[in-house]
Amino acid sequence: MITNFEDFPIHSVKPCWLEAKLTEKHINFLWECIDHRKKEKYKNLVGNLHGSYLLDNKEYDQIFFTNIISNFISEWIKIYGSSIFTDQYKFLADHINMMPVLNDWWVNFQREGDFNPIHDHGGLFSFVIWMKIPTHWKDQEKLARCVNSRTPMASNFQFIYTDALGKIEAYTYRMSPEKEGTMLFFPALLKHQVYPFYDCKEDRISISGNISMKPVNLEMYK
């Protein structure tokens, strides 16, 4: 099992999420996590996908949180401050010492025509990591269904949010193999969606998950 990781640069993207390109060692570790995924499909997710599978191994969970997630949390505090940690847990924060934890994470296998409708997540933060992208947005935009569109979106990932004036805005990540290894870290309530891709029989593989706040002393909370 890989445990010796290098650092990776993290930068902010408007209006409130972080982006990073993970190193080869991080990606190899994540493929190892995928190999040890649960066999049963992870149900009750919003994705209209062929399969999502829970990544639930305490040893892998701890390595992932310590070497990847904790870096994003530290960078978030540097850039945006720590108010998000108490805004959603005001009563608990006043009475119980809280800390962020990995709530759950899973791997998605998206096939041709699959999609993830606009949604948000529970908890404090969420993330996505693109592991395998078998299509290129330039080729997808040339398809008959897209070529005459003013807003071709096949295969893309998109955030939806409101600006300071209340106007609905969208930020689009156009998918291609160059995006493999990219991780986005964002507030769980930030709306996002994944468009379907076409004319490709390979799976697109990504990892998603949620970070929550839980009491430090769980015994006193039971």
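Laboratory data are not the source of any read-out in this text; all were calculated from the coordinates shown. Just so it is clear, the structure is predicted and the values come from calculations on it, not from any experiment. Every residue, glycine as well, gets a Cβ built from its backbone with ideal geometry; the counts of neighbours run over all protein chains shown.
In units of the compact-protein estimate 2.2 N^0.38 Å, the stretch 21-175 shows a Cα radius of gyration of 1.22. In the elastic network of the chain, a GNM with C-alpha springs shorter than 10 Å, the most mobile of G122, G51, G81 is G81. If you run the Gaussian network model on the chain, springs between alpha carbon atoms under 10 Å, then out of K41, K132, K14 the most flexible one is K14.
Taking every alpha-carbon pair under 8 Å whose residues sit at least 6 apart, the chain reaches a relative contact order of 29 percent.
Label-to-label distance, E19 versus I77, with points set 7 angstrom from Cα along the beta-carbon direction: 2.6 nm.
Projecting the Cα atoms of M131, N116, P187 onto the dipole axis of the chain, where Lys and Arg carry +1 and Asp and Glu carry -1 at the beta carbon, places N116 farthest toward the positive end. Reducing the stretch 30-62 and the stretch 137-208 to their Cα centroids gives an inter-centroid distance of 22 Å.
Rounded to 0.05, the FRET efficiency of the T66 and H11 pair, given R0 = 25 Å and the Cβ-Cβ distance, is 0.70. Cα convex hull, the stretch 97-178: 150 Å³ per residue, rounded to a whole number.
Between S206, S83, S74, the GNM of the chain built on Cα springs shorter than 10 angstrom shows S83 fluctuating the most.
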